[in-house]
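Engineer: This structure is in structure tokens; I'll ask about it shortly.
The values are calculated or read from the model by the stated rules, or taken from the named source; none is laboratory data. Only a predicted model underlies this, so the values are computations on that prediction, with no experimental measurement involved. Cβ atoms come from the backbone with ideal geometry, glycine included; neighbour counts cover every protein chain shown. All accessible areas refer to the heavy atoms of the entire protein, side chains included, with ligands and DNA or RNA removed. Shrake-Rupley method; radii C 1.70, N 1.55, O 1.52, S 1.80 Å.
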Amino acid sequence: MWYYKAMKGIVAGTGVDKIEEIRKESHVIQTKYGEVEYYIYNDIVIIPRHGRNHSLPPHRINYMANIEALSLLGVDSVVGIYCVGSITDKVGMGEYGILSDYMDFSGRNITFFDESVKHTSVSNPFDENLSKKLKKALSVAKEDVIYVTTNGPRFETRAEVNAYRILGGDVVGMTGGSEMTLMLEKGIKMAALCYSINWCTGVKKDFSFSEEEDTEAMSNRTLEAALEALSE
């Protein structure tokens, strides 16, 4: 399916592919990097980054195909939703954040400019206007949050978490940096929401996760905020 008007999009992970109402209008698009399944909901393109039934671990996600699909579908603005662990109290376990910058330690080094020379600016990675709309839609979300990307699927060591904190990171995830960079390369405006389901290793005494129902509730709340922000 091709769209000739500007579309809005959401790239999300945990739980988005389980929402029956969203899955009603499912499509597949073929890109030169691979096939991508996506949904159309309220005229918004939604890509479940981990695939149907959360089948792909973070290091095996076809990031280039996903972002190429957004570009082919004419998507010009995207909200990314990220499930994270907390490094600092900026966004504690069970809380929400709006990203303002990111670091990428994943080592994936994926780019659309592998065979040509083009240097993409990342001085202001997130769209200010769209980020303001997210804050309006989810007022409890903390602002100016720094996201650290690791490769996964393992969690981070105490030493790594301490290093990320010293460098200024607030939360850590395994997917954001790759998507953010590729969207910037495609000229897609982006804002990003995160929700924390655990304290990272060594930050607090115990390493534990939010209950499944709490995680699902947080995921749904960020999705609702993203849909509201993109519908304005």
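Engineer: Can you tell me which condition H50 does not meet? The list is (1) open to solvent by 10 Å² or more (accessible area, probe 1.4 Å); (2) in contact with a strand residue (DSSP E or B) (Cβ under 8 Å, 6 or more places away or on another chain), and all the others hold.
Structural biologist: Result: H50 passes all but (2).
Engineer: I want to confirm something. Restricting to the range 53-79 and keeping residues that are within 24 Å of A229 (Cβ to Cβ) and of a type in the set (S, T, Y), which single residue is most open to solvent (accessible area, probe 1.4 Å)?
Structural biologist: Looking at the filtered set, the residue picked out is S71.
Engineer: Tell me which strands (runs of 3 or more DSSP E) are completely within the range 1-112 and hold 2 or more residues being over 16 Å from Y147 (Cα atoms), or say none if there are none.
Structural biologist: Ranges flagged: 7-12, 26-31, 34-41, 44-48, 75-86.
Engineer: Here is a further query. Looking only at the range 21-36, filter to residues that are buried (at least 17 other Cβ atoms within 10 Å of the Cβ) and at pLDDT 90 or above; which one of those is nearest to F113 (Cα to Cα)?
Structural biologist: My answer is T31.
Engineer: Would you mind finding the one in N220, N129, N151 that is touching a His at 6+ places or on another chain (Cβ under 9 Å) and of a type outside the set (A, V, I, L, M)?
Structural biologist: N151
Engineer: Among the residues of the range 83-123, how many are in contact with an Asp or Glu (Cβ under 9 Å, 6 or more places away or on another chain) and farther than 23 Å from S219 by Cα?
Structural biologist: Residues in the range 83-123 being in contact with an Asp or Glu (Cβ under 9 Å, 6 or more places away or on another chain) and farther than 23 Å from S219 by Cα: 7 in total.
Engineer: Another one. For the range 98-141, give me the residue count where each residue is crowded, with 20+ Cβ neighbours inside 10 Å and among the basic types (K, R).
Structural biologist: Of the residues in the range 98-141, 1 are crowded, with 20+ Cβ neighbours inside 10 Å and among the basic types (K, R).
Engineer: Could you figure out which of (1) in contact (Cβ under 8 Å) with a residue 40 or more places away in the chain; (2) closer than 22 Å to C194 by Cβ isn't true of E128?
Structural biologist: Evaluating E128 over (1) in contact (Cβ under 8 Å) with a residue 40 or more places away in the chain; (2) closer than 22 Å to C194 by Cβ leaves (1) as the failure.
Engineer: Let me ask another. Which count do you get for residues in the range 35-51 that are under 20 Å from S178 (Cα atoms) and not β-branched (V, I, T)?
Structural biologist: Counting residues in the range 35-51 that are under 20 Å from S178 (Cα atoms) and not β-branched (V, I, T) gives 7.
Engineer: I'd like to verify a number: residues in the range 142-187 that are within 15 Å of M103 (Cβ to Cβ) and open to solvent by 60 Å² or more (accessible area, probe 1.4 Å), how many?
Structural biologist: 5
Engineer: Now for a different question. I'm told E212 meets every condition in (1) open to solvent by 40 Å² or more (accessible area, probe 1.4 Å); (2) in contact with a Ser or Thr (Cβ under 6 Å, 6 or more places away or on another chain) except one. Can you identify the failing condition by its number?
Structural biologist: (2)
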